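The values are calculated or read from the model by the stated rules, or taken from the named source; none is laboratory data. Only a predicted model underlies this, so the values are computations on that prediction, with no experimental measurement involved. Ideal geometry is used to build each Cβ from the backbone, glycine not excepted, and the neighbour counts take in all protein chains shown.
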Amino acid sequence: MITSYSEEAPSREEVDALPGATLVEFGTDWCGHCRAAQAPLQQAFAAHPELRHIKVEDGPGRRLGRSFRVKLWPTLIFLRNGEEVERLVRPRDAESILQAMGKLCS
């Protein structure tokens, strides 16, 4: 699991071309909701360490977040071979994240 949001984001084309299972997480390091989601995310990743994790800083004018129509942080986008399978907005518990990971990794 990645711990900090990256200012450098891949392009939408790069994300769409990723093979296999990927979680793209949008947020910021200073966001209270994003910080609160980190412990449940860490618990969920303990059960799915193989899952690719891309953690992107989002905000006005950030192309990748706009292409996924992200409005609130954190937003978790679960992709399989570049296709969205599940989306969670402001998850508060590990169980909801684990359920989405289960759909993605099954």
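Side notes on the structure shown:
- Whichever residue in segment 61-94 is in contact (Cβ under 8 Å) with a residue 12 or more places away in the chain and assigned to a helix (DSSP H, G or I) and, among such residues, is surrounded by the fewest Cβ atoms within 10 Å (Cβ to Cβ): Arg63
- Scoring Leu104 on the criteria (1) under 20 Å from Thr3 (Cα atoms); (2) part of a helix (DSSP H, G or I); (3) of a type in the set (A, V, I, L, M, F, W, C) leaves a single failure, condition (1).
- Filter result (in contact (Cβ under 8 Å) with a residue 24 or more places away in the chain and among the charged types (D, E, K, R)) within segment 27-60: Asp29, Glu50, Arg52, Lys55, Glu57, Asp58
- Residues within segment 3-34 that are assigned to a loop (DSSP other than H, G, I, E, B) and either polar (S, T, N, Q) or surrounded by 14 or more Cβ atoms within 10 Å (Cβ to Cβ) (or both), tallied: 9
- Enumeration of residues in segment 16-45 that are over 12 Å from the mean Cα position of the chain (by Cα), among the aliphatic types (A, V, I, L, M) and either at pLDDT below 95 or under 20 Å from Lys71 (Cβ atoms) (or both): Ala36
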